[in-house]
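> Starting off with a structure, shown below.
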Amino acid sequence: MQFCGIKLNIMKYLLQLEELFQFLATILVLYFLPVHFPWWLWIILFLLSDLSMLGYLVNTTVGAYLYNIIHHKAIAFIIITIGFFSGLLWLEISGIILFGHIAMDRTLGFGFKYTDSFKHTHLDWMQEKKPDSYNNEMLHA
């Protein structure tokens, strides 16, 4: 689809809009839970899963796999479920925070990573100029 001569990837934007609402829902859930931390601690907990990017210090393959495992919503749901059924509120909150972090990342365009580059995600390339070997037309056909 084109708008004013600009090629738009509508599916990408629909996915990001969906993720935005999931992120906002996570904030609401955390707000109504009976846990109150200082605001700065919420930010630290929220960004903690980004330590998975340290895998990129080894190479892009290790980095992509580690990032994708930690940033998979199934992992967040498993943590939430275990926390809920075991009565461990801290574990349940950890899963909710992870879920919210993943939704925020995808809202901003940080999707699952391909092993060739950190900026190559399942949502698209995070940069304007794509490599010459990348055929953009195949994704937007």
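The values are calculated or read from the model by the stated rules, or taken from the named source; none is laboratory data. What you are looking at is a predicted structure, and each value in this text was computed from that prediction instead of being measured. As a convention, Cβ positions derive from the backbone with ideal geometry for all residues, glycine included, and neighbour counts pool all protein chains shown.
> Select from segment 1-41 the residues that are under 23 Å from the mean Cα position of the chain (by Cα) and at pLDDT below 80 and write down the one among them that is nearest to Ile102 (Cα to Cα).
Only one residue fits best here, namely Asn9.
> In this structure, is Val35 touching a residue at least 12 places away in the same chain (Cβ under 8 Å) and more than 21 Å from Leu108 (Cα to Cα)?
So Val35 fits the description; yes.
> Could you check segment 68-84 and list, in sequence order, the residues that are surrounded by fewer than 16 Cβ atoms within 10 Å (Cβ to Cβ) and not in a helix (DSSP H, G or I)?
Correct list: His72 only.
> Considering Asp116, Asp124, which residue is on the phi > 0 side of the Ramachandran plot, surrounded by 13 or more Cβ atoms within 10 Å (Cβ to Cβ) and out of contact with any strand residue (DSSP E or B) (no Cβ under 6 Å at 6 or more places or on another chain)?
Matching residue, one of Asp116, Asp124: Asp124.
> Separate question: Out of Leu47, Leu57, I need the residue that is over 18 Å from Leu123 (Cα atoms) and surrounded by fewer than 10 Cβ atoms within 10 Å (Cβ to Cβ). Which one?
Criteria check complete, one pass: Leu57.
> Does Phe46 qualify as being modelled with pLDDT of 85 or more and touching a His at 6+ places or on another chain (Cβ under 9 Å)? Show your work before the answer.
Details: modelled with pLDDT of 85 or more: yes; touching a His at 6+ places or on another chain (Cβ under 9 Å): yes.
When the stated conditions are applied, Phe46 passes them.
> Looking for whichever is of a type in the set (Gly, Ala, Ser), part of a helix (DSSP H, G or I) and either in contact with a strand residue (DSSP E or B) (Cβ under 8 Å, 6 or more places away or on another chain) or more than 29 Å from Lys12 (Cβ to Cβ) (or both) here; the options are Gly63, Gly109, Gly100. Which one fits? Please lay out each step first, then the result.
Numbers: Gly109 fails: part of a helix (DSSP H, G or I); Gly100 fails: either in contact with a strand residue (DSSP E or B) (Cβ under 8 Å, 6 or more places away or on another chain) or more than 29 Å from Lys12 (Cβ to Cβ) (or both).
After applying the criteria, what remains is Gly63.
> For segment 42-52, which residues satisfy the criterion of being over 13 Å from Ile97 (Cα atoms) and in contact with a Leu (Cβ under 8 Å, 6 or more places away or on another chain)?
Correct list: Ser52 only.
> If the Cβ limit is 8 Å and pairs must be 6+ apart or interchain, which residue in segment 70-81 that is among the small types (Gly, Ala, Ser) pairs with which residue that is not in a loop (DSSP other than H, G, I, E, B)?
Correct list of pairs: Ala76/Gly95; Ala76/Ile96; Ala76/Leu98; Ala76/Phe99; Ala76/Ile102.
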